[in-house]
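The next block holds one structure in the form of C-alpha cells; read it before the comments.
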Amino acid sequence: MNDFRRTRIPTLLALTILALATLTTHAQAPAQKTVAPAAACKSLPTYAELKTALTAARAAANGGFNLDMWGTVVNRDGVVCAVAFTGADRGSQWPGSRVISAQKANTANAFSLPKLSLSTAQLYSAVLPGGSLFGLQASNPVDVSVAYHGDPTRYGTATDPMVGGHIGGVNVFGGGLALYNAQGVLVGAIGVSGDSSCADHNIAWRTRNNLKLDHVPGGVGPDATHPDNIVYDITAAPGLALGASASGWGHPACSPAATTISTQLPPIQ
C-alpha cells in the first residue's frame with residue numbers, strides 16, 4: 001500500500017495537473033485566423049467603404065425605430081472581411097447585433113448560389129415546421145471563439161477580432177443579402193442588425209446598393225428587379241398570430257412604413 005501511494009498517486013496527480021493545464025491553454029487560445037484578410041477579401045468592401053455605405057443607408061427612412069446599426073461582410077468562404085457600426089461608439093447599438101449581423105452575412109452567403117440569391121428575410125417561412133427548409137436555423141452554429149475573443153474596444157473597427165475568422169451561424173430574418181459584383185459574380189454577403197428585422201432588410205438593401213454589389217442574377221422573389229427582396233405574403237389564419245406564406249418565402253410584417261419602403265427600394269443593377 002505504501003509503495004502504491006509513493007508511485008501511483010504522485011503520477012496520477014501529475015497527469016491530472018497536466019490535463020487541466022492543457023484544457024486551460026486551449027480555453028485561453030485565441031481564435032485561429034483562416035486566411036490572411038487582405039488576400040481573402042480583395043474583391044470586397046474595405047472597412048471604410050462598409051462604414052460609409054452603412055451609415056448612409058441607416059440615415060434614410062427605413063420604417064423601424066431609427067436605431068444605429070452593425071454591419072458585417074464575409075467572403076465566399078464565410079471568412080469575415082469587415083465589421084463596422086454607425087453611431088458615436090460601439091455602445092450606440094444593441095451589443096448583441098454585432099454577432100447577429102455576422103450570422104446574417106454568413107447565412108446569405110451560405111445559402112445563395114452564383115445564379116440564385118436567397119436573402120435571410122426569404123428564409124423565415126421556409127424554416128418553420130412544415131417548411132421546405134425546416135431545421136436549417138439549427139445548423140452551422142456560430143463559432144463563439146471567433147465571435148467573442150479579443151479586445152472589445154476593437155469591436156466594429158478596422159481591426160475587429162472577427163476579421164479573418166470563420167464566423168458561422170444561421171439567421172432567418174431580414175438583414176442578410178448576397179453580394180454580386182459588376183460581372184454578376186457572387187463574392188460574399190453582407191449582414192446588418194440593430195433595428196426591426198424589416199428595417200434591417202431595408203438598410204442592408206440600401207447598403208448593398210451603395211456599395212454597387214447588387215448585380216443579382218436571380219432569386220425567388222416575384223419581382224425580377226428585386227429578386228431577393230423581402231416578401232410579405234403571410235396571411236392571417238383563424239386562432240393564429242401568423243398564417244402561411246403563399247410563396248413559401250414570406251416574412252412577417254413589422255410596420256406599414258417598413259412594408260411600403262420595401263416596395264420603393266432601388267432595383268438591382
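Candidates in the stretch 124-146 are the residues that are touching a residue at least 60 places away in the same chain (Cβ under 8 Å) and of a type outside the set (Val, Ile, Thr); of these, the one that is nearest to ILE203 (Cα to Cα) is TYR124.
Number of residues in the stretch 191-228 that are under 16 Å from VAL83 (Cα atoms), not polar (S, T, N, Q) and not in a loop (DSSP other than H, G, I, E, B) equals 6. So ASP233 clears everything in (1) in contact with a strand residue (DSSP E or B) (Cβ under 6 Å, 6 or more places away or on another chain); (2) touching a residue at least 24 places away in the same chain (Cβ under 8 Å) except one condition, right? Which one? That leaves (2) as the condition not met. Within the stretch 140-155, being loosely packed, with under 13 Cβ neighbours inside 10 Å and not in a helix (DSSP H, G or I) holds for PRO141, ASP151.
The set of residues in the stretch 249-269 being touching a residue at least 12 places away in the same chain (Cβ under 8 Å), within 24 Å of HIS215 (Cα to Cα) and assigned to a loop (DSSP other than H, G, I, E, B) consists of TRP249, GLY250, HIS251, LEU265, PRO266, PRO267, ILE268, GLN269. Restricting attention to the stretch 55-98 and to residues that are outside any strand (DSSP E or B) and aromatic (Phe, Trp, Tyr), the residue that is farthest from the chain's Cα centre (by Cα) turns out to be PHE65.
On the basis of being crowded, with 21+ Cβ neighbours inside 10 Å and not polar (S, T, N, Q), does ALA258 make the cut? Yes: the conditions hold for ALA258.
Of the residues making up the stretch 110-127, those that are buried (at least 17 other Cβ atoms within 10 Å of the Cβ), farther than 17 Å from SER97 by Cα and not aromatic (Phe, Trp, Tyr) number 10.
Restricting GLY194, GLY221 to residues that are under 20 Å from PHE65 (Cα atoms) and either at pLDDT below 95 or touching a helix residue (DSSP H, G or I) at 6+ places or on another chain (Cβ under 9 Å) (or both) narrows the list to GLY194.
I'd like to know if the stretch 237-246 contains one or more residues that are out of contact with any Leu (no Cβ under 6 Å at 6 or more places or on another chain), touching a residue at least 12 places away in the same chain (Cβ under 8 Å) and surrounded by fewer than 15 Cβ atoms within 10 Å (Cβ to Cβ). Yes, the stretch 237-246 contains at least one residue that is out of contact with any Leu (no Cβ under 6 Å at 6 or more places or on another chain), touching a residue at least 12 places away in the same chain (Cβ under 8 Å) and surrounded by fewer than 15 Cβ atoms within 10 Å (Cβ to Cβ).
The values are calculated or read from the model by the stated rules, or taken from the named source; none is laboratory data. Predicted model, so just to flag it, every value in this text is computed and none were measured. Cβ sites come from the backbone with ideal geometry, for glycine too, and all protein chains shown count toward neighbours.
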